[in-house]
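Colleague: Starting off with a structure, shown below.
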Amino acid sequence: MTIAHPSPAATLNGAARCSVLERTALVPSVAGAELSVPLVTGTSIGYANLDHAASAPCLQRVRTAVDEFLPWYASVHRGAGFASQVSTKIYERTRGVLRRFVGARSSDAVVFTRNTTDSFNLLAKCLPRETSVVLFDTEHHAALLPWRGPRVHRIEPPRTRLAAVSAVDSALAACAQGPRLVVLTGASNVTGELLPVAEIAAVARKHGARIALDAAQLAPHRPISLRELDVDYVALSGHKLYAPFGAGALIGRADWLRAGQPYLAGGGATKVVQRQGNEFGVVWNSGPERHEAGSPNTVGVYALGVACETLAENWDAVREHEDALLRRLQRGLASVPGFAELCLFDADVDRVGTLSFVIDGFEPGWLAAVLSAEYGIGVRDGAFCAHIATRRLIREAGGEGQQAVRVSLGLGSTEEHVDRLLLALRQIVARGARWDYAKLDGRWAPTPDPRPLPEFLD
């Protein structure tokens, strides 16, 4: 069934919606679903994208919406032309789309950024002086590294969700007087496991602390409500949310953002600039634009809004699709000889469709190269920008290296993709590779590699 794609204004105005049947029965389609990739054997095969946690493909609805918007694309804010007014309306209206998507409060600010990393660096610059920051040392680098100084408390995650809540409680109790912030991921980008966000938020409130949620891996898979979770800030990325056009957002309480120094100095962030001797006197804007200097990524913002609306209309279908694939994947991987999964918690907990593993005797980078070159499967190998977490979990799983293989499911994944991966792993473990491989610039690659690049790169 084809979904009608309304005009940009109608899409973000909520006037056009999928039918009830479409919302409940269809999984939103993605661009590249029919992509065929070459193999080293000289044949080609449909691409099995099992690397959604890194960057998700573009939703077809987003692709169509962007194509419809591009003729209207123009400067935003202060433009007298009609196209500028349309672009400005779309840009500002998308703040409301994002606010609804994460269940934000009406007073919360929506600041458009490049991605989650950008969002947390922005928030870090806006923290009041002497703010204590508490976070697990297994966070993704985007949430781990922006916070600096003696008041940053990095704690090791315990093996149970209850103990994780207790660890945050103890860390907050040991903090010096002053503002406090807990930074927490919603779903681990290494294991897919969900963290006890609401329980940790309740502990934060007890200590008068705020909480910032890294939703990069959670937002594409589950609904989020800042109000229900009692979270102060949430950061997310469009390229994880099936809108790979370079936009993200930081959404949350406005007071720290309003009081903080502008993230970037430049046009758009300023209300008045005057010459004062050899210096410039600046009156900065106080709203979200305070941190959005320069010409904004209007196309990326619009794409992000359309993606969020599409997911919100189809959560039941998205959840059912991913849960079924995850169960199929877990059952199959359990029978692969030498397989060991990386897990944060001892007990089985709720998770999104991401898991990482090692296979005894096989280097993860080599495995990923073979899966790509001989089977047309895309997975991720490495430490996933969460080096501390990955290396610790590998040791706990009985592995000896510092890297793992990660499989991440999403709307571009199918049962055939999962089955092909499972068959490939069994064949590789049983008989090895059918091609020669060597490390080139630190990465495993087939030698020789006869796969042609797509024609548009010629």
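Colleague: Scan the range 221-230 and tell me whether some residue there is assigned by TED's automatic domain parsing to the domain that holds Thr191, assigned to a loop (DSSP other than H, G, I, E, B) and under 11 Å from the mean Cα position of the chain (by Cα).
Modeller: From the range 221-230, those assigned by TED's automatic domain parsing to the domain that holds Thr191 are 221-230; that's our starting set.
Still in the list and also assigned to a loop (DSSP other than H, G, I, E, B): 221-225, 230.
From what's left, under 11 Å from the mean Cα position of the chain (by Cα): 221.
Scanning the range 221-230 turns up at least one residue that is assigned by TED's automatic domain parsing to the domain that holds Thr191, assigned to a loop (DSSP other than H, G, I, E, B) and under 11 Å from the mean Cα position of the chain (by Cα).
Colleague: Let me ask another. When you scan the range 62-82, do you find a residue that is in contact with a His (Cβ under 9 Å, 6 or more places away or on another chain), in a helix (DSSP H, G or I) and not charged (D, E, K, R), even just one?
Modeller: Within the range 62-82, one or more residues are in contact with a His (Cβ under 9 Å, 6 or more places away or on another chain), in a helix (DSSP H, G or I) and not charged (D, E, K, R).
Colleague: Please work out if Gly42 is assigned to a loop (DSSP other than H, G, I, E, B) and outside the structural domain of Ala324 (by TED's automatic domain parsing). Step through it out loud before you land on a result.
Modeller: Working: assigned to a loop (DSSP other than H, G, I, E, B): yes; outside the structural domain of Ala324 (by TED's automatic domain parsing): no.
Against the criterion (assigned to a loop (DSSP other than H, G, I, E, B) and outside the structural domain of Ala324 (by TED's automatic domain parsing)), Gly42 does not qualify.
This table checks each residue for (1) within 19 Å of Pro337 (Cα to Cα); (2) of a type in the set (Lys, Arg); (3) crowded, with 20+ Cβ neighbours inside 10 Å.
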{"residue": "Val352", "(1), (2), (3)": "no, no, yes"}
{"residue": "Trp366", "(1), (2), (3)": "yes, no, no"}
{"residue": "Ser372", "(1), (2), (3)": "no, no, yes"}
{"residue": "Gly382", "(1), (2), (3)": "no, no, no"}
{"residue": "Thr390", "(1), (2), (3)": "no, no, yes"}
{"residue": "Glu400", "(1), (2), (3)": "yes, no, no"}
{"residue": "Ala404", "(1), (2), (3)": "yes, no, yes"}
{"residue": "Asp419", "(1), (2), (3)": "yes, no, no"}
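Colleague: Another question about this same structure. Any idea which residue in the range 108-138 is nearest to Ile200 (Cα to Cα), counting only those that are touching an Asp or Glu at 6+ places or on another chain (Cβ under 7 Å) and not in a strand (DSSP E or B)?
Modeller: Asp137
Colleague: Still on this structure, I have one more. Within the set of pairs 6+ apart or on separate chains, which have a first residue in the range 321-342 that is outside the structural domain of Asp360 (by TED's automatic domain parsing), a second that is surrounded by fewer than 16 Cβ atoms within 10 Å (Cβ to Cβ) and polar (S, T, N, Q), and C-beta atoms under 6 Å apart?
Modeller: Listed pairs, sorted by first residue: none to list.
Colleague: Looking at (1) crowded, with 19+ Cβ neighbours inside 10 Å; (2) charged (D, E, K, R); (3) within 21 Å of Leu194 (Cβ to Cβ), which is the only condition Asp108 fails?
Modeller: All conditions pass for Asp108, except number (3).
Colleague: All but one of (1) part of a loop (DSSP other than H, G, I, E, B); (2) without any contact (Cβ under 8 Å) to a residue 60 or more places away in the chain hold for Val349; which doesn't?
Modeller: (2)
Colleague: Considering each of Arg61, Arg93 in turn, give the residue that is in contact with an Asp or Glu (Cβ under 9 Å, 6 or more places away or on another chain) and closer than 16 Å to Val306 by Cα. Spell out how you get there, then give the answer.
Modeller: Working: Arg93 fails: in contact with an Asp or Glu (Cβ under 9 Å, 6 or more places away or on another chain).
Arg61 is the lone residue from the list that is in contact with an Asp or Glu (Cβ under 9 Å, 6 or more places away or on another chain) and closer than 16 Å to Val306 by Cα.
Colleague: To continue, here is another question. Go through the range 134-173 and give me each residue that's in contact with a helix residue (DSSP H, G or I) (Cβ under 8 Å, 6 or more places away or on another chain) and among the polar types (S, T, N, Q).
Modeller: Hit for the range 134-173 is Thr138, nothing else.
The values are calculated or read from the model by the stated rules, or taken from the named source; none is laboratory data. Nothing here was measured: the structure is a model prediction, and the numbers come from that model. Glycine also receives a Cβ, built like all others from the backbone with ideal geometry; neighbour counts cover every protein chain displayed.
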